[in-house]
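So the structure is just underneath, and the comments pick up after that.
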Amino acid sequence: METAQDHAKKRKRKHKSSEGKSAKSQQQQQIEAETPTKKQKVDQHDDDDEEVEAEDSATENGVETEKDVPALPSADTMALPTQEAVSNKFSDLSLSEPTVKAIAGMGFTTMTEIQQRGIPPSLAGRDILGAAKTGSGKTLAFLIPAVEILRSLKFKPRNGTGALIITPTRELALQIFGVARELMEHHSQTYGVVIGGANRRAEAEKLNKGVNVLIGTPGRLLDHLRSTEGFVFKNLKTLVIDEADRILEVGFEDELRQIISILPKDDRQTMLFSATQTTKVEDLARISLKPGPLYINVDHKKEHSTVDGVEQGFIICEAHKRFLLLFSFLKKNAKKKIIVFFSSCNSVKYYSELLNYIDLPVLSLHGKLKQQKRTNTFFEFCNSAQGTLICTDVAARGLDIPAVDYIVQLDPPDDPRDYIHRVGRTARGKGKVGRSLMFLQPSEVGFINHLREARVPVVEFEFPTKHIINIQSQLEKLISQNYYLNQSAKEGYRSYLHAYASHSLRSVFDVNKLDLVKVAKSYGFTTPPRVDIALGASMSRDKKVQGRRTYGSQPKGASFKRKHDDN
């Protein structure tokens, strides 16, 4: 690894970084990859809309509110040294006393590779284009330089926003906000977050007072840039675009381009981070970065694409046994910390309601929850030593959830890239270990070839039949008698079919190969329920039926002999 050279001569201070661990120190991890090499058994017996306000620092009561906002000196006038990496110790960076104290309090003494290679040139004002997976420690890699620059410039609340971090999801924004709160504990600069679903008026009030370090999601941020009077951003010194590929994937390309066009370009440092380098990311880099940015790729030497320390496997399971196997697995690993991924919000909603009803407590996280509920659930699970979180891919990208033992993918990911991000929730950091288990139906085994092409080696796991707890008859009785669960199960079943039909790898996940009778059993039905589904291109193979099809009875058509179409 490259390291950082002591340059205390130019900063006039020397600092020490103390050893120690903090319960809050889960924000800095590094993702690499390792794979098991032989068929193994799954270890079943291991013991082992409310208001979210932007917060100010401890000096909030002394916030200045002058409307005549003073201009600040150029970053070019700052004594920010260029460093050659010779050490991976934070103590060898010439950081300010408040930052050194905060880092020590967070329990960090050594840097990850992205921090080693990114922090020194960022302190010197270089634009950065970083290729780093989630969990690589990049949050501190961009926050430390941003905070140090604002401190050097003696930023005050009345100077407005000097560092802006844009992120794709609310949860990731809140997580970065949490790291900023710890890092800036001893600084006088203010910090805050603006996200969709939070109280906009409260956010605007904070922005009027002055938020020096601002974290936000694209939609809400653009809204404030356009509409919030008193939001000062003319003194912006640092722009960070985190998870740029994800921001573009979820449809915020137009908003992001508008934000960049509104923000001042002169005297601005930009850091753009992306796990993948797509054409759209390259276009975004061209319009946001200065010519000749420093490109940092910390993953180019990795043999595999997934995290180091993760034992990755799949299990072949018929559709009607999926829930029984999941139930058995969760029962026998009740003291573990587990994340289970589903493909749709309604499936998460149904299975979380079902499991909680039958006294197997779980938390759920999906896009239909109100923001405050999502926030509370996220932090509750983060702070738990054990338990199960059932979620959609909203939790799969960028979030740092400590000490996850198992990642279970009950529904298949859309492509190998989504698989990598899901698995990235476990074994985050050096020396950490975790396990990943993916359920595949016999017709879906071809997905393994796609994973291996993406440098994601997996092995087949076995789950002995004798260990499966057969509660199918009780499940079917419950669903037939409980109206609320019955309706929830129907919505979950319908959404599963929708998600499956829209899968990007249709050569593997073929909707015509699903046996809907077996799929229905996994939702507690004896026969497929009648659900009305809009047909897409992949669903209109039966030319006699146009527009919509009702599932539940045996359809008439060559493609629907027990194995039905699905969407």
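Observations
- Segment GLN372-ARG506, extension gain: residue separation times 0.36 nm, minus the distance between their alpha carbons: 44.6 nm
- Magnitude of the charge dipole, the range 89-242, Cβ model with Lys/Arg +1 and Asp/Glu -1, debye to 20: 340 debye
- A simple count of charges around VAL458, restricted to other residues whose Cβ falls under 10 Å of its Cβ and scoring Lys, Arg +1 and Asp, Glu -1, yields -1.
- Extension gain from ALA334 to TYR357, taking 0.36 nm per residue of separation minus the Cα-Cα distance: 6.7 nm
- Relative contact order (percent, whole number), the range 310-470, Cα cutoff 8 Å, 6+ residue spacing: 36 percent
- Cβ-based charge dipole, the range 149-199, positive-most Cα from LEU153, GLN175, ILE165: LEU153
- In a reduced charge model with +1 at each Lys and Arg Cβ and -1 at each Asp and Glu Cβ, the range 310-470 shows a dipole moment near 540 debye about its Cα centre.
- The modelled label-to-label distance for the pair LYS265/ARG201, using points 7 Å beyond Cα in the direction of Cβ, is 3.9 nm.
- This ranking places THR465, THR167, THR238, THR99 by how few other beta-carbon atoms lie within 10 Å of each, fewest first, which gives THR465, THR99, THR238, THR167.
- Members of LYS331/LYS466; LYS138/LYS337; LYS206/LYS290; LYS156/LYS206; LYS368/LYS518 lying beyond 22 Å, as alpha-carbon distances in this model show: LYS138/LYS337; LYS206/LYS290; LYS368/LYS518
- Going by neighbour counts of Cβ atoms within 10 Å, the residues LYS331, LYS490 line up, fewest first, as LYS331, LYS490.
- Ranked list, fewest to most other Cβ atoms within 10 Å of each Cβ, for THR377, THR110: THR110, THR377
- Of the residues SER384, GLY367, VAL348, the one whose Cα sits farthest toward the positive end of the charge dipole of the range 310-470, with +1 on the Cβ of Lys and Arg and -1 on the Cβ of Asp and Glu, is SER384.
Quick note: the coordinates plus some simple rules give every number you see, no bench work behind them. Predicted model only: the values in this text are computed from it and were never measured. Methodologically, a virtual Cβ is constructed for each residue, glycine included, from the backbone with ideal geometry; neighbour enumeration extends over all protein chains shown.
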